[in-house]
Structures are given as structure tokens and as C-alpha cells.
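S.K.: Please read through the structure below; I'll follow up with questions.
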Amino acid sequence: MPDDTEGLLRRDSHNPILSVRDLPHMEEGVFNPGAVTFRGQTLLLVRIEDRGGTSRLALARSDDGVTDWRIYEHPALRPHPDDYPEESLGIEDARITYLEALGAYAIAYTAYSECGPLVSLMTTEDFERFSRLGAVLPPENKDAALFPVQFDSRWAMLHRPAPRMGDDRAHIWVGYSPDLRNWGEHRMVLNARHGSAHWDSGRIGLSAPPMLTDEGWLLLYHSARPTVGGKSYRVGLALLDRDEPTRVLARSSEWILAPEADYELLGQGGIVFPCGWIRDGDNVRIYYGAGDHSVALAHGRISDLLAWLHRHSGPSD
């Protein structure tokens with residue numbers, strides 16, 4: 001049987017579109033970009049890791065979303081451990097969602113401290129001034145992003161709590177909030193499948209923020225499945241009901257993106273990690289971290305992704 005995944009996503013010929021050589025200072029890596037269109041430009045909120053292992057967030061802008069990136073150290077989003085002790089070991093992996101009802105962008109990111117990773121939020125209207133809301137979910141938790149709309153007058157956020165003991169799997173949950181600060185009514189949405197044969201049998205987590213389509217909320221999610229050689233990162237698709245985001249309509253039984261190119265296998269190696277995607281009509285640009293070292297870009301079509309998902313939807317567990 002021919003592989004109909006081939007051609008579903010096309011890696012950009014300029015990959016990696018951002019690397020350490022593009023940074024104004026010597027760093028260990030630049031990767032895991034949140035992405036948004038802002039004032040006619042593509043804006044990436046990229047994770048930059050220094051040689052000591054501490055991460056911060058910096059802004060990168062491009063007119064075409066592919067080339068001629070301008071990286072702004074100021075305003076850079078650095079950890080503020082004095083006011084937010086949960087950020088003492090760094091901040092990373094931003095996902096950006098525009099909340100039309102508030103006229104602002106919500107940024108969900110991972111704050112790190114000795115207590116482990118947790119989910120924090122900040123908002124901005126112009127990507128120049130940022131308002132931190134602080135920690136909103138306790139450790140261990142990460143891979144969070146908001147839906148752009150409310151459900152029954154409540155905001156909803158997908159997130160990935162991870163157990164420290166017992167089951168080594170971790171699953172994608174959803175929680176609700178009236179004010180972005182207080183979160184509750186948490187329910188599991190996607191579980192890591194049972195059995196080591198499945199591509200998403202280990203820890204799974206949200207990749208880019210949920211995208212509304214005519215058929216429902218399209219999710220891009222990743223799996224970090226343990227193997228003899230280390231964790232194996234893959235990316236797949238799921239579809240949630242438009243009005244009830246805990247209802248899974250489809251879930252891919254196969255992955256659509258895996259580490260294959262040299263720049264995905266270098267660095268820390270074997271990692272593809274999307275944190276943002278941008279839709280332009282039926283076209284979509286997926287921005288992802290490659291090898292925890294650089295930023296890469298893949299192109300696809302929403303209609304093709306949905307059609308492929310329906311052909312390759314399997315049981316949830």
C-alpha cells in the first residue's frame with residue numbers, strides 16, 4: 001500500500017529557518033517557537049537556551065514568515081524569579097492564542113523551578129508590553145494552550161499534567177476558567193495509548209494551539225515514546241467537537257511528522273516539536289523546534305490534513 005503521508009507536509013527549502021548563527025549572542029540553541037501573524041508580519045516567540053541550560057523567550061519577526069528574520073533581544077521575556085519564583089530555572093515553549101473577546105493575545109508557557117515545570121500565563125496587546133498572570137497550574141504540567149473562544153462563558157485550556165510515580169504515561173487534559181487565573185473542572189481529552197507498539201503510547205502533549213476548522217477543532221499533538229535509544233518524538237493529529245472540546249471526533253493512528261532531516265537529528269537529536277502554526281486560507285505553516293537546537297518550517301493544507309485524518313483515525317486507547 002502506498003504511503004499517503006508522503007507529501008502531506010512539505011519541509012521548507014530554507015530549513016532550518018532560524019539557528020544559533022542568527023542570534024546576536026552565542027547561545028546553545030533557539031527552538032520551539034510560538035507563532036502568530038501580527039500587523040502583517042509573522043512573529044515567533046522563540047525559546048533561546050544559554051550555555052548554562054536556562055531558557056528565555058525572544059521575539060523574531062519576518063515579512064514572509066520564512067526568511068530575513070529579525071530577532072529582538074529587547075523586549076525579551078526573561079525569567080523573573082524574584083516576583084515569580086516558579087521561573088527560577090527558566091521559561092520556555094510559548095503557545096500564542098488571540099482572544100478576540102479581550103482584544104489581547106494570551107501566551108501559555110512553561111515556567112521551570114526546582115519544583116518542576118508548571119503552566120504560567122501572560123497577555124499582551126502589542127508584543128511590547130506583557131502582563132504576567134503567574135502560575136495557573138501546579139507542577140508537573142506543561143504543553144498548554146488556550147482555545148480562542150469561550151465555552152459557556154468560560155475560557156478553556158488544553159494542558160498535560162504528568163505523574164511522578166506509577167504510570168509513566170501522560171495525557172492531554174482540558175480545564176476551564178472564568179477569568180484566566182482560576183482553573184478547574186479538569187477532564188482528560190486524549191490519553192496516551194496503551195501498548196508500546198503505538199506511535200503515541202508514551203507521553204503525549206499538545207503541540208500548536210487548537211485551530212478551528214469547518215469540521216471542529218484540529219489538534220496537532222506530539223508523542224515522546226521511550227525507546228532503547230532514548231525518546232522517540234512524533235507528531236500526529238486529532239479532531240475535537242466544535243462545541244464540546246472533550247468529545248474526540250477523530251485521532252490519527254499514525255504520525256505525520258518525525259525526525260528525518262539532518263537538522264532534526266543533530267543538536268540533542270531526534271526531536272520535532274511544533275509550538276505554533278499559522279493558517280492562510282487552506283494553507284498552513286507549521287513552525288517547530290528541530291533537535292532542540294534550531295527552528296524549522298513545514299507547509300501543508302488544512303483540507304489535506306483533515307482528509308488524511310479521517311482515513312487514518314483509530315481508537316483512542
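S.K.: Starting at the first residue of segment 28-39, write each ³J(HN,Hα) from the Karplus equation 6.51 cos²θ - 1.76 cosθ + 1.60 with θ = phi - 60°, in whole Hz, x for Gly and Pro.
M.R.: 7, x, 9, 6, 6, x, x, 9, 7, 8, 9, 6
S.K.: Still on this structure, I have one more. Tell me, in nm to one decimal, what length is gained between H186 and D152 on full extension, where the rule is 0.36 nm per residue of separation less the Cα-Cα distance?
M.R.: Numbers: separation 34, 0.36 × 34 = 12.24 nm, distance 1.50 nm.
Additional length available on full extension: 10.7 nm.
S.K.: Hey, another quick one. Per residue, how big is the convex hull around the C-alpha atoms of segment 100-193? Give it to me in cubic angstrom, could you?
M.R.: That works out to 102 Å³ per residue.
S.K.: Can you list which of the trypsin sites (Lys or Arg not before Pro) found in segment 90-154 are DSSP loop residues with at most 16 other C-beta atoms within 10 Å?
M.R.: When the trypsin sites (Lys or Arg not before Pro) of segment 90-154 are filtered for loop state and at most 16 Cβ neighbours within 10 Å, R129 remain.
S.K.: Compute the Rg to Rh ratio over segment 172-307 from the alpha carbon atoms, using the Kirkwood formula for Rh, and round to two decimal places.
M.R.: Taking Rh as the inverse mean 1/r over Cα pairs, Rg/Rh reads 0.98.
S.K.: Quick one: which residues, 5+ away or cross-chain, put their amide H under 5 Å from the amide H of S232? H built at 1.01 Å from N.
M.R.: Residues meeting the criterion, in which the H sits 1.01 Å from N, are R225, T227.
S.K.: Next question. Per DSSP helix of 4 or more residues, -39500 (n - 2.57); summed, then divided by the residues of the chain. What does that give at 222 nm, rounded to the nearest 500?
M.R.: Values: 2 runs with 14 residues, N = 317.
Roughly -1000 deg cm²/dmol at 222 nm, from the helical runs in the chain.
S.K.: Could you work out how much longer the chain between R70 and H25 gets when fully extended? Use 0.36 nm per residue separation minus the Cα distance between them, nm to one decimal.
M.R.: Going from the current span to full extension adds 14.9 nm.
S.K.: Oh, and also: What percent of all Cα-Cα pairs in the chain falls into each 10 Å bin, going from 0 up to the bin containing the maximum distance?
M.R.: Going from the shortest bin to the longest, the percentages are 6, 29, 39, 23, 4, 0.
S.K.: May I ask you to derive the FRET efficiency for R10 and Q268 from their Cβ-Cβ distance with R0 = 30 Å, giving the value to the nearest 0.05?
M.R.: Once the sixth-power term is evaluated, E becomes 0.75.
S.K.: Same structure again: Give a residue-ordered list of calculated ³J(HN,Hα) values for segment 272-279 (Karplus: 6.51 cos²θ - 1.76 cosθ + 1.60, θ = phi - 60°; whole Hz; x for Gly, Pro).
M.R.: So the Karplus estimates, Gly and Pro as x, are 10, 9, x, 10, x, 9, 10, 9 Hz.
S.K.: Let me ask something else. Suppose each label sits 7 Å from its Cα in the direction of the beta carbon; what would the A101-C115 distance come out to in nanometres?
M.R.: 2.8 nm
S.K.: Name the residue, out of D304, D282, D12, whose mean-square fluctuation peaks in a Gaussian network model built on the chain with Cα pairs under 10 Å.
M.R.: Of the options given, D282 has the highest mean-square fluctuation.
S.K.: Loop only by DSSP, 14 or fewer other Cβ within 10 Å of the Cβ. Give me the GluC sites (Glu not before Pro) in segment 121-162 that pass, ordered by residue number.
M.R.: Details: sites: E125, E128, E140; in loops: E125, E128, E140.
Hits after loop and neighbour filter: E125, E128.
S.K.: Short version: ³J(HN,Hα) in whole Hz for each residue of segment 15-24, in order, from phi by Karplus 6.51 cos²θ - 1.76 cosθ + 1.60 (θ = phi - 60°), x for Gly and Pro, what are they?
M.R.: Listing the rounded values in order: 4, x, 7, 9, 8, 4, 5, 8, 8, x Hz.
S.K.: Take the Cβ-Cβ distance between S253 and R39 as r, set R0 to 35 Å, and report the resulting FRET efficiency rounded to the nearest 0.05. Don't skip to the end; give the middle numbers.
M.R.: On the way: r = 40 Å, r/R0 = 1.15.
For S253 and R39, the calculated efficiency is 0.30.
Each value in this text was obtained by applying a stated rule to the coordinates, not by laboratory testing. These numbers come from a predicted model, not from an experiment. Note that each Cβ is placed from the backbone with ideal geometry, even for glycine, and that neighbours are counted across all protein chains shown.
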